[in-house]
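S.K.: My questions will all concern the structure given below.
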């Protein structure tokens, strides 16, 4: 009986290391099958989706600011930050220097690179968003981003623009490390608080 117990213990001890090796191999296989893209891969995908969006709509990109307003049809100016902007209307008055923290209300349409409208408050649906010029509220989940401030260098009260915003300039929820980078197309209308 004792011999049987010793033999049984030896057999089980031989299985235990084998079981540990098997668990380690399975864990390694499962970890290596992770489909999460690297940040560099996400940036490449973002660039490709923006280029496809531009091509599908027949947009033309220039790095020289157009000298006619509205911009010629389908012409977007690419700024040094990477924002693509098409000015439809400069508004009533372009101010050379907008004071920091000037309250500007924004009505907008947000469109994904697939062409789906993801949010709109353009036509009276929902309140306009208020931003404080020159003071981007990056802690805000939705509604304020560098991409919405930059066009105010080119338009004033009543300005109307289209922009294509890479994730680094867009909403913080679209550029966080925990999500996929998401560029967006926006139609924006600005009204200065009076």
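S.K.: How far, in nm, would the chain grow between residue 39 and residue 69 when pulled straight, counting 0.36 nm per residue and subtracting the alpha carbon separation?
M.R.: 7.0 nm
S.K.: Quick one: length gained pulling residue 118 to residue 51 fully straight, 0.36 nm per residue minus the C-alpha distance?
M.R.: Result: 22.2 nm gained on full extension.
S.K.: Could you calculate the FRET efficiency of residue 180 with residue 146 from 1/(1 + (r/R0)^6), where r is the beta carbon distance between them and R0 is 25 Å, rounded to 0.05?
M.R.: 0.85
S.K.: Let me ask something additional. Put a dot 7 Å past each Cα toward the Cβ at residue 132 and residue 60; how far apart are the dots in nm?
M.R.: In this crude spin-label approximation the distance works out to 4.2 nm.
S.K.: Turning to a different aspect of this structure: Give me D for segment 42-192 in µm² s⁻¹, whole number, from Stokes-Einstein with Rh from the Kirkwood sum over alpha-carbon pairs, 10 °C and 1.306 mPa s.
M.R.: 102
Rule-based calculations on the coordinates, nothing more; no lab input. In this text, all values refer to a predicted model and were calculated from it rather than measured experimentally. Counting neighbours? That spans all protein chains shown, and the Cβs are built from the backbone with ideal geometry, glycine included.
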